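Below you'll find the structure, written out as structure tokens, and then a few comments.
The values are calculated or read from the model by the stated rules, or taken from the named source; none is laboratory data. Predicted, not measured: the structure shown is a model, and the values here were computed from it. Methodologically, a virtual Cβ is constructed for each residue, glycine included, from the backbone with ideal geometry; neighbour enumeration extends over all protein chains shown.
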Amino acid sequence: MLTTLAIANYRSLRELIVPLGPLNVITGPNGSGKSNLYRALRLLALTARGGVIPSLAREGGLQSTLWAGPERFSRAVAAGDYAVQGTVRKDAVSLKLGFAGESFGYAIDLGLPPPASTSQFSLDPVIKRECIWSGPVLRPSALLVDRQGPMIRIRGESGGSAEWSTLAQPVASFDSMMTEYADPRSAPEMIAVREQIRSWRFYDHFRTDEYASARQVQIGTHSPVLADDGANLAAALQTIREIGDGAALDAAIGDAFAGARVEIVNHEGRFEVGLRQEGLLRPLRGAELSDGTLRYLLLAAALLSPRPPALLVLDEPETSLHPDLLPSLARLIARASKQSQVLVVSHAPRLVAALEREAGSQSIVLERRLGATAFADPDTLDIPAWKWPAR
Ligand SMILES: Nc1ncnc2c1ncn2[C@@H]1O[C@H](COP(=O)(O)OP(=O)(O)OP(=O)(O)O)[C@@H](O)[C@H]1O
Ligand SMILES: [Mg+2]
């Protein structure tokens, strides 16, 4: 389980160290930085899949994703006596992301290429440093794998003392060590961290318009994991029925729509989602379901996955659901949090209230102060210790 999420200089997240529990509910006004937190976590997940640099470039490169305020606020500005003014940058450009659990931590530091660089890939940031350490907080003696620029060092043990070996092959500035290095014998921690991150799952704003892939007929193959656009919804629901907790699926659907039951329509191996409802002679097909009904089915498929991820992150799952459905959604989320660590960004008071009543839940309220995302009531949170690796 993750205990700490740390972000620095990513959009409105100037520096935020977030404590995490088994079930985390993130709320706050529009523009407070909830989705930025979600995006930062997804970027972190992309490091283990080799997608962090392209994803940042798609967001406009470091120039656009970097915190747009000053490096520090003077005391007068913080007290509200003066307006924020531009200053000359003293520190190097550095966007940092990291997380830690009880056993391992990981951090990545991204910056700009050297000024003399002649490369045309001007939107590509450069990976300056990456570290994996043991325990919740980075200490020099706890470092296990350490990348500085193109060089990777790995710690081994010989005769009870640490012995560092440097990889012969330098890594490219746009490759994470997580994707470039794969020897399980010399760096088992790296493989463990990478596999953990690769299992993280993110769901936000499923499409439910008439062309949404969840409404279409799709090839039906075993799908223990719902695709992030929901394209394999029918197959995912059928997989839950066959190898997962079908009773929980029926309960969740019956709970939300009285008397309704999921019935997959099978067109010779191609599946279409169907919902049998009271008073109707045939199940309603994908194209006939209302937006909210379809979205609820998508969320149920995501939350009842027979192969639960280490971490499940949902951004505003309440979108287009009637408030009466929120208590059943909360029950599904609470159930998922028994198997996966869960982080939910939400605006819906009923969902938030229902989740807050669950054991092990923690509520994090964000707000913006001088443009930067901050905790609305830091006193209620147990902010963990965190240390960034230096360049
Ligand atoms: N590079 C940047 N530097 C500083 N702030 C930024 C930067 N990019 C975006 N922001 C700010 O981040 C905020 C957007 O945050 P975000 O999208 O996370 O909001 P939210 O809490 O999800 O809101 P909503 O409830 O509307 O979805 C905006 O107010 C925007 O001004
Ligand atoms: Mg948002």
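Points worth noting:
- The set of residues from the range 131-154 being outside any loop (DSSP other than H, G, I, E, B), over 13 Å from F104 (Cβ atoms) and of a type outside the set (S, T, N, Q) comprises P140, D146, R147, M151, I152, R153, I154.
- In the range 308-341, the residue that is nearest to E102 (Cα to Cα) out of those that are among the charged types (D, E, K, R) and within 17 Å of the chain's Cα centre (by Cα) is D315.
- Scan of the range 166-188 for residues that are surrounded by fewer than 13 Cβ atoms within 10 Å (Cβ to Cβ) and not in a loop (DSSP other than H, G, I, E, B), ordered by number: T166, P188
- Failed item, numbered, when R42 is tested on (1) touching a Leu at 6+ places or on another chain (Cβ under 9 Å); (2) at pLDDT 85 or above: (1)
- For the range 1-84, the helices (runs of 4 or more DSSP H) that sit wholly inside it and include 3 or more residues that are touching a residue at least 60 places away in the same chain (Cβ under 8 Å) and away from ligand 1 (no atom under 12 Å from the Cβ) are 34-47, 52-58.
- Residue match in the range 342-350 (condition: assigned to a helix (DSSP H, G or I), within 16 Å of ligand 1 (Cβ to nearest atom) and either touching a strand residue (DSSP E or B) at 6+ places or on another chain (Cβ under 9 Å) or modelled with pLDDT of 95 or more (or both)): yes
- Subset tally (residues that are free of Cβ contacts under 8 Å to residues at least 24 places away in the same chain, small (G, A, S) and surrounded by 15 or more Cβ atoms within 10 Å (Cβ to Cβ)) for the range 246-273: 3
- Selection within the range 364-382 - touching a Ser or Thr at 6+ places or on another chain (Cβ under 7 Å) and over 19 Å from R72 (Cβ atoms): V365, L366, E367
- Where P70 falls short, out of the listed (1) closer than 23 Å to K128 by Cα; (2) at pLDDT 90 or above: (2)
- Residue satisfying condition, being touching a residue at least 12 places away in the same chain (Cβ under 8 Å), closer than 30 Å to I191 by Cβ and out of contact with any Leu (no Cβ under 9 Å at 6 or more places or on another chain), within set G111, G135, G105, G98: G135
- Residues within the range 356-366 that are crowded, with 16+ Cβ neighbours inside 10 Å and over 19 Å from the mean Cα position of the chain (by Cα), tallied: 1
- Number of residues in the range 232-250 that are in a loop (DSSP other than H, G, I, E, B) and charged (D, E, K, R): the value is 1.
- Matching residues, the range 314-338, being touching a helix residue (DSSP H, G or I) at 6+ places or on another chain (Cβ under 7 Å) and at positive phi: S320
- In the range 367-387, residue nearest to ligand 2 (Cβ to nearest atom) [restricted to those that are within 18 Å of F99 (Cβ to Cβ) and over 20 Å from the mean Cα position of the chain (by Cα)]: L381
- So E288, is it over 26 Å from V313 (Cβ atoms) and at pLDDT 95 or above: no
- Considering residues of the range 3-34 that are more than 20 Å from D379 (Cα to Cα) and touching a strand residue (DSSP E or B) at 6+ places or on another chain (Cβ under 6 Å) only, the residue nearest to ligand 2 (Cβ to nearest atom): S12
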